[in-house]
Each structure stands twice: as structure tokens, then as C-alpha cells.
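As C-alpha cells, the structure follows; a few thoughts come after it.
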Amino acid sequence: MSDNNPNPERSESQREQIKMWFLRHPDTEITGLEALRFFGCMEFPKRISELVAMGFNINRDKFRQVGEHTRVKAYYLPQAEAEQYIKANNIKL
């Protein structure tokens, strides 16, 4: 699938914001609606896929109940994965 994004710098900025959010909040779930609110990101699943392709082991198997008949996908980065990435890349949070 090709990326026809007219603003690739915006995608990279969102990806970096999302990456840092996961590193600062390991084991904390986030949904696409929350990503829209926090980062202005309308293509959150795409940013997640990009991070996974970069080696992040983001869990994509969770769902959150948001209404009587509605579930939405929720994503999180396990604590151990976050700690390993932070240490390997000498990141100061």
C-alpha cells in the first residue's frame, strides 16, 4: 500500500508524539478517539503499524467497551518493551 500523504512531516511528527506517549505511559491503553484528541491523529492505526514496522511490540489485541453494544480497539506498549527501548536508545523521559 502506498502512502499518499500530502504532509509526510505531519505523519512523522505524530508518529514521534505517539511513540513518546507509549514510552511515558507503558501498559496504558489508548484508542483511536483518544489519539485524535491527544495528537490530532485521524489515522492512528496507520501510525501504529508504522511503529510496529520500526520494531515496537505494541499490543493490538485489546478492545474497550464504550457503550452497551460498542467496542473499540485499544493499543498499549508493555512495560518491559518500553524499558528495553528506553535503555537501548538512551532516552531520557
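Which condition number in (1) without any contact (Cβ under 8 Å) to a residue 24 or more places away in the chain; (2) under 14 Å from residue 14 (Cβ atoms); (3) loosely packed, with under 14 Cβ neighbours inside 10 Å is the one that residue 35 fails?
(3)
Is there any pair with a first residue in the range 43-66 that is in a helix (DSSP H, G or I) and among the β-branched types (Val, Ile, Thr) and a second that is at pLDDT below 95 and open to solvent by 70 Å² or more (accessible area, probe 1.4 Å) whose Cβ atoms are under 8 Å apart and which are 6 or more apart or on different chains, and what are they?
Short answer, once both residue conditions are applied: 48/60; 52/60.
Looking only at residues in the range 46-93 that are farther than 16 Å from residue 26 by Cα and among the basic types (Lys, Arg), which one is surrounded by the fewest Cβ atoms within 10 Å (Cβ to Cβ)?
71
The values are calculated or read from the model by the stated rules, or taken from the named source; none is laboratory data. Everything numeric in this text was worked out from a predicted model, so none of it was measured. Here the Cβ is made from the backbone with ideal geometry for all residues, glycine too, and neighbour counts use every protein chain on show. Heavy atoms of the whole protein, side chains included, go into the accessibility calculation; ligands, DNA and RNA do not. Shrake-Rupley method; radii C 1.70, N 1.55, O 1.52, S 1.80 Å.
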